[in-house]
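K.L.:
Structure below; questions to follow.
Derivation of every value follows stated rules applied to the coordinates shown; laboratory data play no part. Predicted model, so just to flag it, every value in this text is computed and none were measured. Backbone-built Cβ (ideal geometry, glycine too); neighbour counts: all protein chains shown.
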Amino acid sequence: MVRNREQFNPSDSKLPKKIIALFGAAAFALGAAGCNGETHSEPTPDTTTSTAQETQNPTPSSEPSPEVSASSCIKFDGDQELIEDLKSAKTDGEKRNAFVEFARKQTDKPMAETNSMGTTTTSTVNLVDTVEQLGRDSTTTLEAALNLAADGCISDDDKKFMANAFVSSSTLGQASKSLGRAFDFAIEFPEDNEAEKNEVSCKEVLYSAEGIEINGVKQPPHVARDIFKTEKEEDIDKRNPLQDTSLKGGIFASQTACETNDGKPIIEQITLVHTSYNQNSIDNLSTGEQAEVMANPYISTESMAKNDPQYATWTILTHRAVDPGSEIPALYEGEQTTLGKVPAIKEALAKIEEARTNK
């Protein structure tokens, strides 16, 4: 189960440690943006969208992958197309788009439109809604991919290839470890994979981070880190979620806590939403660089008035169990707090504990 596999050793990180200059330091926060305004670096001309964790693809084959003949497997709409699209994908954005398109076929939930590079076109005025929507999309896409790994009528080799492609293209930091292990367990132990399927499900959203207004402008939540701080925190709750990545400054993000389909445990997920004014540089993580480096993500009234086009893409940063008294930073009703103090989460955890005690 994910809750038992979420410890992450920073020494295992494959991401480069290249230092990216900022126009000022950003303190760690998951919450409202500060008032320093937006600070943008020049877009990098690199048009690739791969990460340092990129998985080597096998040689694409024109022949469809063999399907598994088993009465217990489930035929998912678009499963073969997903495998073939992943085999031909050249970038992480293309891989992520393949997963998103597969997820659309498995759900009736609305999802943001993406292009072939996995990028969503939006605007400054719509950024708050875009961040929220892409956070939901990441959960929907993860659930679809994990269910295919657990129950799909495709070979184990294709399941492992698909799982590696998802982790390398759509996760960073702590989530790369916890979700990588969840996929591994779902594939290797098919007779006991309900735990993995449940823990990536979202029966009910108990909490969503919500930013505050600054000068009348609603701000998306964000995560940030101080590049001058040496981060050695081992407590998974207290650790800066960007600690195990090379990302600097601040990045808009969605944070949710969900009750899972089986009612236990409560799962927190932070989804980074990378934004850029330049579509070609939206997701340039292979060199450890961000398309836009913001010391303090902030939407100003001037930016709202201009309402320039923006491009956005998502990456799952954390996926972890919430325990009673959790000190995972949260933004509840615009105030900095911890998940353990959010009323709906406290109530849900108390019910889980009561049910466990009464067994």
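K.L.:
Please get the size of the charge dipole for the stretch 65-161, origin at its Cα centre, with Cβ charges of +1 on Lys and Arg and -1 on Asp and Glu, quoted in debye to the nearest 20.
P.N.:
For the stretch 65-161, the charge dipole is close to 140 debye.
K.L.:
Go through 151-161, 106-116, 188-198, 247-257 and give me the packing order, highest mean Cβ count within 10 Å leading.
P.N.:
With the highest mean Cβ count within 10 Å placed first, the list reads 247-257, 151-161, 188-198, 106-116.
K.L.:
Separate question: Please work out how much length the chain gains when fully extended from Asn115 to Lys90, using 0.36 nm per residue of separation minus the C-alpha to C-alpha distance, in nm with one decimal.
P.N.:
Roughly 7.6 nm would be gained on extension.
K.L.:
Among Lys218/Lys341; Lys95/Lys346; Lys109/Lys248; Lys105/Lys346; Lys218/Lys248; Lys105/Lys359, which pairs are too far apart, with a Cα-Cα distance over 28 Å?
P.N.:
Check vs 28 Å cut-off fails for Lys95/Lys346; Lys109/Lys248; Lys105/Lys346; Lys105/Lys359.
K.L.:
With θ set to phi - 60°, apply the Karplus curve 6.51 cos²θ - 1.76 cosθ + 1.60 along the stretch 199-206 and write out the HN-Hα couplings as whole Hz, x wherever there is a Gly or Pro.
P.N.:
Whole-Hz 3J(HN,Hα) from phi for the stretch 199-206: 6, 9, 8, 9, 6, 8, 7, 8.
K.L.:
Length gain on complete extension for the stretch Cys73 to Thr357, per 0.36 nm per residue less the alpha carbon to alpha carbon distance?
P.N.:
Gain on extension, Cys73 to Thr357, equals 98.7 nm.
K.L.:
Rounded, prolate or oblate: which one fits the stretch 74-137, using the alpha carbon gyration tensor with axes a ≥ b ≥ c (rounded when a/c is under 1.5, else prolate when a/b beats b/c, else oblate)?
P.N.:
Oblate is the answer for the stretch 74-137, as a/c is 1.5 or above yet b/c matches or exceeds a/b.
K.L.:
Using only Cα atoms, locate the centre of the stretch 160-206 and the centre of the stretch 122-154, then give the distance between them in Å, rounded to an integer.
P.N.:
14 Å
K.L.:
Obtain the nm distance between the two label points defined at Tyr277 and Glu347 by a simple spin-label model: each point lies 7 Å from its Cα along the Cα-to-C-beta direction.
P.N.:
4.5 nm
K.L.:
Another question about this same structure. Pulled fully out, how much extra length does the chain show between Phe189 and Met304, if you take 0.36 nm times their separation in residues and subtract their Cα-Cα distance?
P.N.:
Result: 36.4 nm gained on full extension.
K.L.:
Using 12 Å as the cut-off for backbone N distance, which residues of the stretch 250-265 belong to the label zone defined by a point 7 Å from the Cα of Ile214 along Cα→Cβ?
P.N.:
The answer is 250-252.
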